[in-house]
Amino acid sequence: MTTLVFGHKSPDTDSTGSPILWAWYLNEVKGESAEAVLLGEPNTEAAFLLKKWELPKPRIIADVEDGQPCVVVDTNNPAELPANINGADLRAIIDHHKLAGGLETKGPIDITIRPLACTATILLDLMGEDAANLPDWAKATALTCILSDTLEFRSPTTTDHDRAVAERLAADLGISIPDYAAEMFAAKSDISAFSDAELLRMDSKEYEVGGRKFRVSVLETTAPAIVLDRKTSLMESMTRVAEEDGVDQVLLFVVDILKEEATLLVPNELVKTLAEKSFGATVTGDTVVLPGIMSRKKQIIPNLTL
């Protein structure tokens with residue numbers, strides 16, 4: 001039976017590229033039948049990756065059947081996975097996030113969770129000498145994932161190892177990292193085709209803080225004004241998205257990649273209180289700038305408090 005390889009819902013570049021990389025490894029090196037799939041439409045940067053390197057978009061699945069062999073990459077959080085994940089035959093988890101808990105397996109499995117900025121970095125490490133046999137499109141996929149998750153090494157999650165792997169891949173491909181990253185981020189910043197609700201869900205994860213449920217959304221861009229020009233309609237859409245998704249509030253952090261800061265939209269007193277208690281900020285309007293805030297995983301989520 002074919003093993004399905006997938007990342008989290010609202011797939012970003014790492015959750016699109018890493019399943020493709022690991023499915024290639026299982027198929028071509030391990031001789032196992034594997035298929036990369038997605039749990040939703042890829043975001044703009046992930047779509048750029050697929051188009052740039054002429055990769056077929058993996059099919060999108062809504063759930064997994066009982067007993068379905070699968071490998072999960074770039075998450076270990078049941079809230080970000082198919083509803084029936086505990087009914088599937090989960091074979092392995094490869095991730096770089098904190099351990100969330102809640103997954104149940106049919107037996108012992110391989111689990112690799114490492115404090116690196118990108119899942120793709122971990123995948124290449126696990127491949128060992130076989131990583132040298134990656135075709136160019138796969139090297140480019142890994143490079144794109146690493147540059148995305150590290151924001152071209154600007155993110156505080158970046159490690160020396162992530163940088164070294166990315167620089168080696170770029171050298172192999174003859175790619176200029178600054179030029180390629182600029183092309184990636186331009187694609188990520190083009191949000192013109194997306195509705196407010198789609199933007200609020202595009203790169204988002206659910207967390208509970210002080211007994212309240214939040215959808216924590218991040219938009220990383222080199223053109224934050226394009227997003228902030230829509231702040232009125234975005235804040236109006238937050239109420240509907242929160243109701244539909246069963247959360248108390250949507251938080252939207254607009255990360256300015258070049259200035260290395262985030263702007264949080266502040267639609268009400270709840271978000272104002274959270275911003276002031278979490279980040280020591282003084283909120284006087286419907287937005288607040290948070291200097292140096294770049295990473296949801298390392299800087300936003302650990303600090304959220306009410």
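The values are calculated or read from the model by the stated rules, or taken from the named source; none is laboratory data. Quick caveat, the model's predicted, so the values are computed rather than measured. Cβ atoms come from the backbone with ideal geometry, glycine included; neighbour counts cover every protein chain shown.
Residues that are at pLDDT 95 or above and buried (at least 24 other Cβ atoms within 10 Å of the Cβ) within the stretch 22-44 comprise Trp22, Ala23, Ala36, listed in sequence order. Number of residues in the stretch 145-167 that are among the hydroxyl-bearing types (Ser, Thr, Tyr), closer than 20 Å to Glu183 by Cβ and not in a helix (DSSP H, G or I) equals 2.
When the residues of the stretch 156-166 are filtered to those that are more than 12 Å from His96 (Cβ to Cβ) and not β-branched (Val, Ile, Thr), which remaining residue is surrounded by the most Cβ atoms within 10 Å (Cβ to Cβ)? The extreme case among them is Ala166.
Based on this model, can you work out whether Phe253 counts as of a type in the set (Phe, Trp, Tyr), crowded, with 17+ Cβ neighbours inside 10 Å and over 22 Å from the mean Cα position of the chain (by Cα)? Taking the combined requirement at face value, the residue does not satisfy it. Of the numbered criteria (1) in contact with a strand residue (DSSP E or B) (Cβ under 6 Å, 6 or more places away or on another chain); (2) over 23 Å from Ser10 (Cα atoms), the one Ile293 fails is (2).
How many residues does the stretch 19-55 contain that are among the aliphatic types (A, V, I, L, M) and either part of a helix (DSSP H, G or I) or more than 24 Å from Glu80 (Cα to Cα) (or both)? I'd like the intermediate steps shown before the answer.
Pass one, the stretch 19-55, residues among the aliphatic types (A, V, I, L, M): 20-21, 23, 26, 29, 34, 36-39, 46-47, 49-50, 55.
Now narrow it down to the ones that are either part of a helix (DSSP H, G or I) or more than 24 Å from Glu80 (Cα to Cα) (or both): 20-21, 23, 26, 29, 46-47, 49-50, 55.
Total meeting the criteria: 10.
Selection over the stretch 178-203 of residues that are aliphatic (A, V, I, L, M) and in contact with an Asp or Glu (Cβ under 7 Å, 6 or more places away or on another chain) gives a count of 3. Report, by residue number, each residue of the stretch 76-110 that is in contact with an Asp or Glu (Cβ under 9 Å, 6 or more places away or on another chain), in contact (Cβ under 8 Å) with a residue 24 or more places away in the chain and either part of a strand (DSSP E or B) or buried (at least 17 other Cβ atoms within 10 Å of the Cβ) (or both). Hits for the stretch 76-110 are Asn76, Asn77, Glu80, Pro82, Ala88, Arg91, Ile94, Asp95, His96, His97. Of the candidates Ala193, Ala142, Ala197, the single residue that is out of contact with any Phe, Trp or Tyr (no Cβ under 7 Å at 6 or more places or on another chain) and under 18 Å from Leu124 (Cα atoms) is Ala142.
Does the stretch 122-141 contain at least one residue that is of a type in the set (A, V, I, L, M, F, W, C), in contact with a strand residue (DSSP E or B) (Cβ under 8 Å, 6 or more places away or on another chain) and closer than 20 Å to Pro302 by Cα?
Among the residues of the stretch 122-141, not one is of a type in the set (A, V, I, L, M, F, W, C), in contact with a strand residue (DSSP E or B) (Cβ under 8 Å, 6 or more places away or on another chain) and closer than 20 Å to Pro302 by Cα, which makes the answer no.
Assess whether Leu126 counts as being at negative phi, among the hydrophobic types (A, V, I, L, M, F, W, C), in a loop (DSSP other than H, G, I, E, B) and surrounded by fewer than 24 Cβ atoms within 10 Å (Cβ to Cβ). It is false that Leu126 is at negative phi, among the hydrophobic types (A, V, I, L, M, F, W, C), in a loop (DSSP other than H, G, I, E, B) and surrounded by fewer than 24 Cβ atoms within 10 Å (Cβ to Cβ).
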